[in-house]
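A short write-up of the structure that comes next.
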Amino acid sequence: MQYLCLIYGALRQPCVLPACGAEAVAVAHLVCDDVVRASRHYLAAEALDDAASTASVRVQQGRYHVIPGPLLSGGAILSGFLLIEARDLNDAIRVASRVPFAEGGTVEVRPVRPVPRSEREYLD
């Protein structure tokens, strides 16, 4: 089963790793990706650009509205994601615990719901 690991960092403390330089964060994530690849769980991973370059879109009564910045929840910003294949939720949680931002930040582990074939045909 596929799981999406949403990686959150603290808004006021974007770097939660002990060695807090941008290069250290990048290296930590690359090492994490290598560990997950070696365990054969890895499907995809990306870091997200700075939250300041984000726009949120809402549609109301057929018109869209753009809200500058991310939709914030509890002072945390979404900083990246990891898509993995795991046996079950416990296996996915074990993999997510290896993400550098899990220490001091949060990694939300969410099952990916398969879209039934009939729904995919509707979307085509």
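Rule-based calculations on the coordinates, nothing more; no lab input. These numbers were taken from a predicted model, which means no experiment stands behind them. So basically every Cβ, Gly included, is an ideal-geometry build from the backbone, and we count neighbours across all protein chains shown.
Below is a table of values for the structure above.
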| read-out | value |
| --- | --- |
| Computed E for Ile67/Val27 - FRET, C-beta separation, R0 35 angstrom, nearest 0.05 | 0.55 |
| Burial ranking of peptide ranges 57-65, 44-52, 105-113, 76-84 (average Cβ count within 10 Å, highest at the top) | 76-84, 105-113, 44-52, 57-65 |
| Label point distance in nm, Ile93-Gln60, each placed 7 Å from Cα along Cα→Cβ | 3.8 nm |
| Separation of the Asp34 and Ala52 label points, Cα + 7 Å toward Cβ, nm | 3.2 nm |
